[in-house]
Amino acid sequence: MKLLALDTSSEGCSAALRLDGAVTERFERAPRGHTRLLMPMVRSLLDEQGMAPSDLDALAFACGPGSFTGVRIATGVVQGLAWGLNLPVVPVSSLAAVALGAARSLSLGDGDRVAVAFDARMGEVYWGCYRIDQGLPVLLGDERVCPPEAVSLGHSDNELDGTVRWVAAGPGWALQAQMPAAVREAMSVTEPDLLLRAAWVAELAEAMVRQGGGVPAEQAQPMYLRDEVAWKKLPGRG
C-alpha cells in the first residue's frame, strides 16, 4: 500500500509517505507556516521515492480536533488531491494519533491506557482516553471538549486503583494543575511535549484502509468537537 498522510492540526506541520509498512516523513514545528510548508513536504517525499501522485493508493489526514485554521489547511489539500486523483481519504482523529505516538515512544503494551489532552483555548481541553489493543489505540467512551477540571478516565472500577497503567500525552497536559487530583495521580508518565506527527496518522490510516475504511473526497471533513467555534476571520484568510 502506498499512502500519503498529512497533519497541520497543531504547532507541527508534517507529511508522511507509508510504502508497504515503511515510512518516511517531513516534520517542522512552525505554528504559522503550514500553508507554506505542506505542499513542498509532499513533493519532497514523492520525489525522494521517484513517485508521482497518481501512484498513491490512499490519502489520510489528521481531521482534528485541533487548531481550527490548521485543520482546514490539511482538509483542503487532501480534498484537492483526492478529487484530482480519485483516491479514498481516511480522516484520522488527532487525539488517537497522539495516543499511538505515546504507545510507540513509551513502548506501551496491550491493556495500557493513554489520556490525551490538547489545549482547546477558551478555558477548555480536547480530551480522549484510549486502551492499547494489539498495538493500536482504541477509544474509551467519547472524545470531547471540556474544562480541565471536568476530565475523567472512565467508569471501570479498576481505572484508578493502580492495576491499570495510565500515561498522559499531548500539550493540553500543560494545564494539568487544573485537572482533578485523581486523574493527575493516576498517570505514571506525563508527556506534554508530544506533538502529533503524520507518521502516526499514516499508521492508523493504513490499518483503517485494510479494514475497509476510507471515504470520498467530499466526505473528508474536519472534526471540531465544539458545536460553535469561536474563530474570527482575519483579512485575506479564507
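The values are calculated or read from the model by the stated rules, or taken from the named source; none is laboratory data. This structure is a prediction, so every number in the text was calculated from the model and none was measured. Note: ideal-geometry Cβ built from the backbone for every residue, glycine included; neighbour counts use all protein chains shown. These area figures cover heavy atoms from the full protein model, side chains too; ligands, DNA and RNA do not enter into them. Shrake-Rupley method; radii C 1.70, N 1.55, O 1.52, S 1.80 Å.
Miscellaneous remarks
- Estimated at the nearest 10 Å², the accessible area of ARG210 is 150 Å² with a 1.4 Å probe.
- Helices in the chain, meaning DSSP H runs of at least 4 residues, each add -39500 (n - 2.57). Divided by all residues, the mean residue ellipticity at 222 nm is -8500 deg cm²/dmol.
- Signed unit charges on C-beta, dipole axis of the chain, positive-most listed residue THR163, LEU56, CYS146: LEU56
- With all protein chains in place and ligands, DNA and RNA left out, the 1.4 Å accessible area ranks GLU48, GLU206 as GLU48, GLU206, largest first.
- For the range 17-154, size of Cβ-based charge dipole, Lys and Arg +1, Asp and Glu -1, in debye: 420 debye
- DSSP-defined antiparallel bridges as percent of all bridges, the chain, nearest 5: 65 percent
- Dipole moment magnitude, nearest 20 debye, the range 32-104 about Cα centre, only Lys, Arg, Asp, Glu C-beta charged: 380 debye
- Of the accessible area of the chain, computed with a 1.4 Å probe over protein heavy atoms only, carbon and sulfur atoms account for 48 percent.
- Top positive-direction residue, dipole computed over the range 19-113 with Cβ charges, set GLY21, LEU85, GLY33: GLY33
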